[in-house]
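This report refers to the structure that appears directly beneath it.
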Amino acid sequence: MSEMIERVAKAINDVDGCYVQPQPWHYIEAKAAIEAMCEPTEEMLEAGAYDLDMKLETQYKNMIDAALKE
């Protein structure tokens, strides 16, 4: 299992608040959440392409921040 699936499953479990450790369904939900982000939105693309000289990590963070905006 990937580190990112583990992180997302733990975050889902933390929000759930009922269990000490992530449960099997948290991993299924985590994978589905990550898969849903495979196709970036227009806002994410714009945030990632803002400055092509910035580090990849910064572009990635900007894209995720754009996805999380309400």
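The values are calculated or read from the model by the stated rules, or taken from the named source; none is laboratory data. As the structure is a computational prediction, the values presented were derived from the model and not from experiment. A quick note on method: Cβ atoms are made from the backbone with ideal geometry, for glycine too, and the neighbour counts reach across all protein chains shown. Heavy atoms of the whole protein, side chains included, go into the accessibility calculation; ligands, DNA and RNA do not. Shrake-Rupley method; radii C 1.70, N 1.55, O 1.52, S 1.80 Å.
Worth pointing out:
- On inspection, D51 passes the criterion of being farther than 27 Å from M1 by Cβ and of a type outside the set (A, V, I, L, M).
- Within the stretch 49-59, not a single residue is acidic (D, E), open to solvent by 60 Å² or more (accessible area, probe 1.4 Å) and in contact with a Pro (Cβ under 9 Å, 6 or more places away or on another chain).
- Subset of the stretch 29-48 (residues that are of a type in the set (A, V, I, L, M, F, W, C) and open to solvent by less than 60 Å² (accessible area, probe 1.4 Å)): A30, A32, A33, I34, M44, A47
- If you go through the stretch 18-28 and pick out every residue that is open to solvent by 90 Å² or more (accessible area, probe 1.4 Å) and among the hydroxyl-bearing types (S, T, Y), you end up with 1.
- Count of residues meeting criterion [hydroxyl-bearing (S, T, Y) and assigned to a helix (DSSP H, G or I)] in the stretch 49-70: 2
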